[in-house]
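Have a look at the structure below, then the notes.
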């Protein structure tokens, strides 16, 4: 008898019919003799609707109260799913994040899990129950409800799988797994049977929306295999784990893209110690996440500093940077929100030449100008005009022959 943790996203439980479908899938696992803990997201667009409602009643909703409000979406989904299982004759119980023993810090709307106390869940499993847990939430030491931010239900599921020593964490959504590129852009993109934690983390960080990067990080740290599959079909999905075969590790695995990119350039800054800190420390204190950073070579001790942020944070970032630019005698600040990024990802790039050359040549042949470049050991990312991102994805997918089977 194995213990399996399953997670169902908002589209999988978007209405009563889909909730009943998920209940049938869970029942199949129970019928084969496995113990099962299920994490659910809020139904459909519930979280977005609750945020809109909060903004209608308060210009700036209190963060603590907003977390309490948003946590109700997952509670609704978990109780309805439990009722559906009851109607099918199965014993099941719904638990909030607090009842499931999910402890977090007090960073409202972006809390981090600090500990999992599995005793209540194990007791319910020992009593023969299917355990349905509201995702996206936890509780502080002061018993205040917190939410984990976007992708928090993914993080909940993997954290519970680690805390319960589950055999696998199965994440079900409206896609059939991890693909070599977004199939909406590249129809010939292939579903991957397996992918390493390292490659999946790069994909999730640089554009893939299938699973949240924090969940992949947890999976790697605690060695929890994660299956990504569709709740609407019986296709096998993609397994994210640490034991990918040697032949596969010698290849480029995927092309990722992201349209949520804005660029800020601080022009004509003095090239002296402390200048970069004077810009990036206030940005960090303002909660603004910076991605790519490029500083030009200094000419007569004057240089330019360019960095990227999410488009949603561009205005806030400019509000922080412009006064600083004035105080350090920079010439001007320039913002550009019409950007995107495209990435080539695969462990095969670690020890083999030619990948960067092929990527840059392909973009050149498509008349796509590269504005910034950033790399890791297994990734090359180019910042380009957002209008050309889809063309870049298709061209790179062809250039690296990702439509061919492994």
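Which value results when the Cα radius of gyration for the stretch 1-131 is divided by 2.2 N^0.38 Å? Relative to the 2.2 N^0.38 Å estimate, the stretch 1-131 comes out at 1.13.
Quick one: if the Förster radius is 56 Å, what FRET efficiency do residue 285 and residue 126 give, using the C-beta to C-beta distance and rounding to 0.05? Efficiency, from the Cβ-Cβ distance: 0.75.
Rounded to the nearest 0.05, what FRET efficiency do residue 376 and residue 294 have when you use their Cβ-Cβ distance and R0 = 22 Å? Step by step, r from the Cβ atoms, then E = 0.90. Over the stretch 253-406, the hull volume per residue, using the convex hull of the C-alpha atoms, is 132 Å³. Taking P(r) over Cα pairs in 10 Å bins from 0, in percent as calculated from this structure, the corresponding entry among (1) 5, 20, 27, 25, 16, 5, 1, 0; (2) 4, 20, 24, 17, 12, 11, 8, 4, 1, 0; (3) 4, 19, 24, 21, 16, 11, 5, 0 is (1).
When DSSP beta bridges are restricted to pairs lying wholly in the chain, around 60% turn out antiparallel. As a ratio to 2.2 N^0.38 Å, the alpha-carbon radius of gyration for the stretch 301-385 is 1.37. Assign one of three labels to the stretch 108-236, namely rounded, prolate or oblate, based on the Cα gyration tensor with a ≥ b ≥ c the square roots of its eigenvalues; rounded applies when a/c is under 1.5, prolate when it is not and a/b is larger than b/c, and oblate otherwise. Judged from the Cα gyration tensor, the stretch 108-236 comes out prolate (a/c at least 1.5, a/b above b/c).
What shape does the stretch 84-124 take by its C-alpha gyration tensor, where a ≥ b ≥ c are the square roots of the eigenvalues and a/c under 1.5 counts as rounded, a/b above b/c as prolate, and the rest as oblate? Taking the square roots of the gyration eigenvalues as a ≥ b ≥ c, the stretch 84-124 is oblate. For the residues 233, 46, 11, a GNM of the chain with alpha-carbon springs under 10 Å puts the largest fluctuation on 233. Largest mean-square fluctuation among 184, 24, 110, in a Gaussian network model of the chain whose springs join Cα atoms under 10 Å apart, belongs to 184. Scaled to the globular estimate 2.2 N^0.38 Å, the Cα spread of the stretch 214-297, given as radius of gyration, is 1.72.
Expressed to the nearest 5 percent, the antiparallel share of DSSP beta bridges inside the stretch 3-174 is 25 percent.
The stretch 1-73 and the stretch 162-227 have Cα centres spaced 19 Å apart. With the helix formula -39500 (n - 2.57) applied to DSSP H stretches of n ≥ 4, the chain reaches a computed 222 nm mean residue ellipticity of -11000 deg cm²/dmol. For the residues 76, 57, 29, a GNM of the chain with alpha-carbon springs under 10 Å puts the largest fluctuation on 57. By its C-alpha gyration tensor, with a ≥ b ≥ c as the square roots of the eigenvalues, how is the stretch 349-406 shaped: rounded for a/c under 1.5, else prolate for a/b larger than b/c, else oblate? Oblate, because a/c is 1.5 or more while a/b does not exceed b/c. Multiplying the residue separation of residue 54 and residue 142 by 0.36 nm and subtracting their alpha-carbon distance yields 29.3 nm.
Values in this text are rule-based calculations from the coordinates and carry no lab data. Please read these numbers as outputs of a predicted model, since none were measured by experiment. When we count neighbours, we look across all protein chains shown, and the Cβ atoms used for this are built from the backbone with ideal geometry, even at glycine.
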